[in-house]
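Colleague: For reference, the structure I am asking about is given below.
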């Protein structure tokens with residue numbers, strides 16, 4: 001497979017899996033293995049960062065109207081019942097800080113786990129089971145709707161989130177950083193559902209939380225790589241015109257596919273829930289572990 005087609009394929013994989021709770025990290029790692037891409041190669045390590053950034057940057061555009069509304073109503077909120085600590089934008093940044101500090105301190109542990117297919121396979125399997133159970137527990141309340149009495153769901157919109165829910169979701173997101181294959185979106189969505197949030201509100205907060213989390217993480221890694229620092233670095237001067245074209249293709253393809261997957265995923269989850277993704281995770285996790293066993 002030539003480099004241009006490979007870049008398109010990897011961009012599609014990243015765009016499809018970044019926001020769906022199936023772990024883009026695990027899928028890229030598996031793809032790199034299948035296509036015989038060496039993670040010891042600084043260029044391809046940087047490439048994976050670039051296409052991830054391309055996927056992340058679709059979110060501010062997709063949610064531009066929601067972001068504008070949140071900014072215009074800060075800090076009181078649309079209903080005037082929010083404050084500096086409980087406005088949706090504040091809760092997003094609080095959850096980000098809760099995740100970022102421990103993740104930074106565990107940088108070496110995270111780096112060691114990123115190449116472990118055993119951890120990825122186990123995380124896919126366990127995460128799929130957890131997500132299936134949590135979604136099944138919430139399913140009756142989702143079907144009954146917000147008007148049902150004594151519902152275990154008490155947060156139907158992101159605007160109604162509490163400070164405690166944001167801190168809890170941020171803490172659970174640390175699992176996805178430490179154990180690749182867990183999936184950042186899976187950990188935040190399941191955590192939100194356990195804390196009494198609906199599928200739609202948990203999913204939307206997961207998207208908003210991913211903006212600062214992934215922009216900072218990927219931006220920092222990309223900066224180190226381009227400066228010729230960190231693990232398997234590659235400086236800007238080492239990238240030839242062909243290399244820049246490959247990066248651009250992957251970035252653009254990832255951005256476009258991610259934008260479409262976000263739109264589809266938002267509509268799909270409201271109607272059918274997360275069970276199909278849980279089943280997919282379990283199947284892929286079993287296949288990865290079976291491959292390792294051989």
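Colleague: Determine if the stretch 211-222 includes at least one residue that is over 26 Å from residue 90 (Cα atoms), surrounded by fewer than 22 Cβ atoms within 10 Å (Cβ to Cβ) and within 21 Å of the chain's Cα centre (by Cα). Let's see the steps before the verdict.
Modeller: So the first thing to find is which residues in the stretch 211-222 are over 26 Å from residue 90 (Cα atoms), and the list is 222.
Filter once more, so that each one left must be surrounded by fewer than 22 Cβ atoms within 10 Å (Cβ to Cβ): 222.
Next, from what is left, pick out any that are within 21 Å of the chain's Cα centre (by Cα): 222.
Among the residues of the stretch 211-222, at least one is over 26 Å from residue 90 (Cα atoms), surrounded by fewer than 22 Cβ atoms within 10 Å (Cβ to Cβ) and within 21 Å of the chain's Cα centre (by Cα), which makes the answer yes.
Colleague: Which of the residues that make up the stretch 143-160 are in a loop (DSSP other than H, G, I, E, B) and surrounded by 17 or more Cβ atoms within 10 Å (Cβ to Cβ)?
Modeller: In the first step, residues of the stretch 143-160 are kept if they are in a loop (DSSP other than H, G, I, E, B); the result is 145-154, 156-157.
Result: 151, 153, 156.
Colleague: Which of (1) part of a helix (DSSP H, G or I); (2) at pLDDT 85 or above; (3) touching a helix residue (DSSP H, G or I) at 6+ places or on another chain (Cβ under 9 Å) does residue 69 not meet, given it meets every other one?
Modeller: Among (1) part of a helix (DSSP H, G or I); (2) at pLDDT 85 or above; (3) touching a helix residue (DSSP H, G or I) at 6+ places or on another chain (Cβ under 9 Å), residue 69 violates only (3).
Colleague: Sticking with this structure for a sec: Could you list, ordered by first residue, the pairs with Cβ atoms under 8 Å in which the first is in the stretch 190-206 and touching a residue at least 24 places away in the same chain (Cβ under 8 Å) and at positive phi and the second is assigned to a loop (DSSP other than H, G, I, E, B) and surrounded by fewer than 24 Cβ atoms within 10 Å (Cβ to Cβ), at least 6 apart or interchain?
Modeller: Note: pairs meeting the criteria are 196/152; 196/153; 196/154.
Colleague: Let me confirm something: among 197, 158, which residue is modelled with pLDDT of 90 or more and touching a strand residue (DSSP E or B) at 6+ places or on another chain (Cβ under 6 Å)? Spell out how you get there, then give the answer.
Modeller: Numbers: 158 fails: touching a strand residue (DSSP E or B) at 6+ places or on another chain (Cβ under 6 Å).
Answer to the selection: 197.
Colleague: I'd like the full set of residues that are farther than 22 Å from residue 120 by Cβ and either free of Cβ contacts under 8 Å to residues at least 24 places away in the same chain or assigned to a helix (DSSP H, G or I) (or both), limited to the stretch 264-294. Spell out the reasoning first.
Modeller: So the first thing to find is which residues in the stretch 264-294 are farther than 22 Å from residue 120 by Cβ, and the list is 264, 266-273.
Across the stretch 264-294, the qualifying residues are 264, 266, 267, 268, 269, 270, 271, 272.
Colleague: Something else about it: If I filter the stretch 45-56 for residues that are in a helix (DSSP H, G or I) and surrounded by fewer than 17 Cβ atoms within 10 Å (Cβ to Cβ), do I get at least one hit?
Modeller: Taking the stretch 45-56 first, the residues in a helix (DSSP H, G or I) are 45-56.
Remaining after also requiring surrounded by fewer than 17 Cβ atoms within 10 Å (Cβ to Cβ): none.
No: zero hits.
Colleague: To continue, here is another question. State whether the residues of the stretch 167-185 include one that is surrounded by 15 or more Cβ atoms within 10 Å (Cβ to Cβ), more than 16 Å from the chain's Cα centre (by Cα) and touching a residue at least 40 places away in the same chain (Cβ under 8 Å). Steps first, answer last, please.
Modeller: The initial filter retains those residues of the stretch 167-185 that are surrounded by 15 or more Cβ atoms within 10 Å (Cβ to Cβ), namely 167-185.
Applying the additional criterion that residues be more than 16 Å from the chain's Cα centre (by Cα) yields 167-168.
Next, from what is left, pick out any that are touching a residue at least 40 places away in the same chain (Cβ under 8 Å): 167.
Looking through the stretch 167-185, at least one residue is surrounded by 15 or more Cβ atoms within 10 Å (Cβ to Cβ), more than 16 Å from the chain's Cα centre (by Cα) and touching a residue at least 40 places away in the same chain (Cβ under 8 Å).
Colleague: What about residue 108, is it crowded, with 20+ Cβ neighbours inside 10 Å and modelled with pLDDT under 90?
Modeller: Details: crowded, with 20+ Cβ neighbours inside 10 Å: no; modelled with pLDDT under 90: yes.
In short, no.
Colleague: Can you pull out every residue in the stretch 6-43 that is without any contact (Cβ under 8 Å) to a residue 40 or more places away in the chain and closer than 11 Å to residue 253 by Cα?
Modeller: 9, 13 - these are the residues of the stretch 6-43 that are without any contact (Cβ under 8 Å) to a residue 40 or more places away in the chain and closer than 11 Å to residue 253 by Cα.
Colleague: A further question on this structure: Looking at (1) surrounded by fewer than 19 Cβ atoms within 10 Å (Cβ to Cβ); (2) closer than 19 Å to residue 254 by Cα, which is the only condition residue 66 fails?
Modeller: Of (1) surrounded by fewer than 19 Cβ atoms within 10 Å (Cβ to Cβ); (2) closer than 19 Å to residue 254 by Cα, only one is false for residue 66: (2).
Colleague: Of the conditions (1) in contact (Cβ under 8 Å) with a residue 12 or more places away in the chain; (2) in contact with a helix residue (DSSP H, G or I) (Cβ under 8 Å, 6 or more places away or on another chain), residue 84 satisfies every one except a single condition; which number is it?
Modeller: Of the numbered conditions (1) in contact (Cβ under 8 Å) with a residue 12 or more places away in the chain; (2) in contact with a helix residue (DSSP H, G or I) (Cβ under 8 Å, 6 or more places away or on another chain), the odd one out for residue 84 is (1).
The values are calculated or read from the model by the stated rules, or taken from the named source; none is laboratory data. Since this is a predicted model, take the numbers as computed values, not measurements. No Cβ is skipped: glycine too gets one built from the backbone with ideal geometry, and neighbour counts run over all protein chains shown.
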